[in-house]
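Q: Shown below is the structure under consideration.
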């Protein structure tokens, strides 16, 4: 006697009861008469053989009535994948293996499903416990006992879909980062001339209070613009890094004292800092900037007050983990949590939170660069940052930084050069006219003999004509036709004692990764001030280890 019908489902009649036998023991035409019972599909022995094959298929197989769309048979892989027992499966509507929000679309698909073969890619299926996963479905119709049946083979492709999502996300962030870095590079050239000429004007207009105030406003605006370019470079992972190996909790402790003035008295600051947090290889100043930025965002999300928690701990991932379109490799990490009790974010906002220029704040309160800068700094430090948030439930940023060796700060002290370099000759090579002019003027004011060229070819032509002995080459690193490194190499053959200072609107970190600079090579980031240019030149000229 067939088992009783499940509550709320149609009874399992003779058709459903016969499906396994009918499907699995259907005879095959054109068999020779001397086949053994095992080879003859029409014999009971053959039916058992086919049934064993069906049950051993590694992929889930669902068979459902093409008219009622109710499941009539499943294999063991389907039972294991979906969590239903075989008895629970039989008579279950195929809608029940799909999320409720997809049911309307599924009904349309079932109504329009063509006869023969049909395939669906990366559709959402649901297990008995409610968990959702992505599958590819291969489906083919057949006739059993005079009624149409669909046989669907299911392949779990959740990992593939996640990897595709991560790839698209990485490509988008990389494209935006390249755009941001390129904009910052060009803008830094403009700012270099604005800042330089502003400083020269301030010296000339020292006795004119009104004019001085105007020029100071220009300089302050240029400084604000320079700060924006630094944020763009941070997002595009091209920011200058001053690396040290430090315990993460020490960095958090240093910035903790400043947060009280930033977040206000109506927000309670709590810390849970593990004193044994592993050391990490980071730029401490930039990590402090990350914490300050996250704290400011938390403050804005708690207009009526709340709690901000900073915590550190050691985390060991035994296997790779996926989160926020990132794959985090297994390993040891120092973890920093920044958690607030604010308004939270919906899923759409959370997905775009690290994109540059995306902000939920009204203009002109937000630039949309704060969190993108945070993202860039952490990724440039070989770390990972994820976010958990929901409306009304606050936000948690989780930062994982790879464990480094023993905490030993790297030496980053600037070389102090003696004042007055005498009769030194500097060759300035820069393809941007405004930057070349201001650089030459500053160096001439500092007492150097200056020779200028617009590119590498012109510089080599000047040397070939028998010009003065060059003590220092100040050159833009990336130029058309001949880059600064190639120029320095050719000039070194003529001037073996030549010192070199590279200048660029990109950064030493980004350029060094592409093999453009050796470690320790003199480098000056645009935009630069008169003072920073003078210090950089002296530092290179008097470096005992050129």
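The values are calculated or read from the model by the stated rules, or taken from the named source; none is laboratory data. Keep in mind it's a predicted model, so treat the numbers as computed, not measured. Cβ sites come from the backbone with ideal geometry, for glycine too, and all protein chains shown count toward neighbours.
Q: Counting only residues that are closer than 20 Å to residue 220 by Cβ and buried (at least 17 other Cβ atoms within 10 Å of the Cβ), how many does region 526-540 have?
A: Residues of region 526-540 closer than 20 Å to residue 220 by Cβ: 526-533.
Cutting the leftovers down to buried (at least 17 other Cβ atoms within 10 Å of the Cβ) gives us 526-530, 533.
Of the residues in that region, 6 qualify.
Q: If you go through region 421-449, how many residues are without any contact (Cβ under 8 Å) to a residue 60 or more places away in the chain, over 44 Å from the mean Cα position of the chain (by Cα) and outside any helix (DSSP H, G or I)?
A: Residues in region 421-449 being without any contact (Cβ under 8 Å) to a residue 60 or more places away in the chain, over 44 Å from the mean Cα position of the chain (by Cα) and outside any helix (DSSP H, G or I): 5 in total.
Q: With respect to residue 413, is the statement that it is under 18 Å from residue 243 (Cα atoms) and at pLDDT 85 or above true? Before you say what the answer is, go through the steps one by one.
A: Values: under 18 Å from residue 243 (Cα atoms): yes; at pLDDT 85 or above: no.
So residue 413 does not fit the description; no.
Q: Right, here's the next one. With the structure loaded, tell me whether residue 276 is modelled with pLDDT of 85 or more, surrounded by 13 or more Cβ atoms within 10 Å (Cβ to Cβ) and not assigned by TED's automatic domain parsing to the domain that holds residue 438 or whether it fails that test. Even if it seems obvious, please write down each step before you answer.
A: Numbers: modelled with pLDDT of 85 or more: yes; surrounded by 13 or more Cβ atoms within 10 Å (Cβ to Cβ): no; not assigned by TED's automatic domain parsing to the domain that holds residue 438: yes.
So residue 276 fails the test.
Residue-wise test of (1) crowded, with 22+ Cβ neighbours inside 10 Å; (2) within 30 Å of residue 218 (Cα to Cα); (3) at pLDDT 90 or above.
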residue: 463; (1), (2), (3): no, no, yes
residue: 466; (1), (2), (3): no, no, no
residue: 484; (1), (2), (3): yes, no, no
residue: 514; (1), (2), (3): no, no, no
residue: 521; (1), (2), (3): no, no, no
residue: 543; (1), (2), (3): no, no, no
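Q: Kindly indicate the residue of region 127-139 that is in contact with a helix residue (DSSP H, G or I) (Cβ under 9 Å, 6 or more places away or on another chain) and touching a residue at least 40 places away in the same chain (Cβ under 8 Å) and also nearest to residue 157 (Cα to Cα) among those meeting that condition.
A: The qualifying residue nearest to residue 157 (Cα to Cα) is 127.
Q: Further question: Which one is surrounded by the fewest Cβ atoms within 10 Å (Cβ to Cβ) among residues in region 115-164 that are touching a strand residue (DSSP E or B) at 6+ places or on another chain (Cβ under 9 Å), in a loop (DSSP other than H, G, I, E, B) and modelled with pLDDT of 90 or more?
A: Our first condition is that a residue be touching a strand residue (DSSP E or B) at 6+ places or on another chain (Cβ under 9 Å); within region 115-164, this holds for 115-127, 132-144, 147-164.
If we keep only those that are in a loop (DSSP other than H, G, I, E, B) as well, we get 115-116, 127, 157.
With the extra rule that they be modelled with pLDDT of 90 or more, the set shrinks to 127, 157.
Details: 127: 13, 157: 17.
Here the residue is 127.
Q: Still on this structure, please answer the following. Checking residue 205 against (1) closer than 20 Å to residue 533 by Cβ; (2) surrounded by 15 or more Cβ atoms within 10 Å (Cβ to Cβ); (3) modelled with pLDDT of 80 or more, only one condition comes out false. Which one?
A: (1)
Q: Would region 260-283 turn up any residue that is within 16 Å of residue 397 (Cα to Cα), in contact with a strand residue (DSSP E or B) (Cβ under 9 Å, 6 or more places away or on another chain), free of Cβ contacts under 8 Å to residues at least 60 places away in the same chain and in a helix (DSSP H, G or I)?
A: Taking region 260-283 first, the residues within 16 Å of residue 397 (Cα to Cα) are 269-273.
Subset that is in contact with a strand residue (DSSP E or B) (Cβ under 9 Å, 6 or more places away or on another chain): 269-273.
Checking which are free of Cβ contacts under 8 Å to residues at least 60 places away in the same chain leaves us with 269-273.
With the extra rule that they be in a helix (DSSP H, G or I), the set shrinks to none.
No, every residue in region 260-283 fails to be within 16 Å of residue 397 (Cα to Cα), in contact with a strand residue (DSSP E or B) (Cβ under 9 Å, 6 or more places away or on another chain), free of Cβ contacts under 8 Å to residues at least 60 places away in the same chain and in a helix (DSSP H, G or I).
Q: Check region 235-244 and report whether any residue there is buried (at least 20 other Cβ atoms within 10 Å of the Cβ), under 27 Å from the mean Cα position of the chain (by Cα) and at pLDDT 80 or above.
A: Scanning region 235-244 turns up no residue that is buried (at least 20 other Cβ atoms within 10 Å of the Cβ), under 27 Å from the mean Cα position of the chain (by Cα) and at pLDDT 80 or above.
Q: Would you check if residue 379 is modelled with pLDDT of 70 or more, assigned to a helix (DSSP H, G or I) and crowded, with 17+ Cβ neighbours inside 10 Å?
A: Numbers: modelled with pLDDT of 70 or more: yes; assigned to a helix (DSSP H, G or I): yes; crowded, with 17+ Cβ neighbours inside 10 Å: yes.
Judged against the criteria, residue 379 is a match.
Q: In region 480-509, what count of residues is obtained for those that are under 21 Å from residue 443 (Cα atoms) and not in a helix (DSSP H, G or I)? Show your work before the answer.
A: Filtering region 480-509 for residues under 21 Å from residue 443 (Cα atoms) gives 484, 487-488, 491, 495, 497-505.
Imposing the further condition that a residue be not in a helix (DSSP H, G or I) reduces the set to 495, 497-505.
The total comes to 10.
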